[in-house]
Every structure is written in structure tokens, then in C-alpha cells.
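For reference, the structure is listed below as C-alpha cells.
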Amino acid sequence: TRAEAEARALAMQDAAEKARQIAAAAGLRLGRLVSVTESGPVRPVARMTMTTAMAPGPVEPGQLDVTITLEARYAIEY
């Protein structure tokens, strides 16, 4: 979804900034991104589909909490 894409982009920015800070604290420079792994809960698709089919009508505005968990690995430069 769009909310997940935005959360993913923010998570990547946050990971890069934290990696820069850690590298700088060690007197090193952050290198290239080596790998990214995303993990998260399994979505109950069948249940969501059934619920949607049983509850037609307009969607009320509200708040959507989206959590993205990433593991980003960077090379370091001396």
C-alpha cells in the first residue's frame, strides 16, 4: 500500500542515518548498501477478504498504524 511504501522509505532513511552515526563514532565512513531484509507479520488475507465482503460501505477516515522492520547492512570505509 501507499502507507507501507512511505513507511519503508522512512525506515530506509532512518537505517542509513543510524549507520552513518555508528560508523562516524568508530572513526569510519559509511560505504555502499550491501543488503536489506524486511521482516514483519504475516497478513491474514482470507480473513481480511471475508471481512471486507461482509461489511460493504464507505470507509471512515481514521488513523492507520504501519510498522516496517528492516535490517540494512552497509560496507564501511577506512
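What follows draws every value from the coordinates through simple rules; no lab data is involved. Computed from a predicted model, the values in this text were never measured in an experiment. Glycine also receives a Cβ, built like all others from the backbone with ideal geometry; neighbour counts cover every protein chain displayed.
Annotations for the structure displayed:
- Peptide packing: for 4-17, 21-34, the average count of neighbouring Cβ atoms within 10 Å per residue gives the ranking 4-17, 21-34, highest mean first.
- Between residue 22 and residue 2, the simple label model (points 7 Å from Cα in the Cβ direction) yields a spacing of 3.4 nm.
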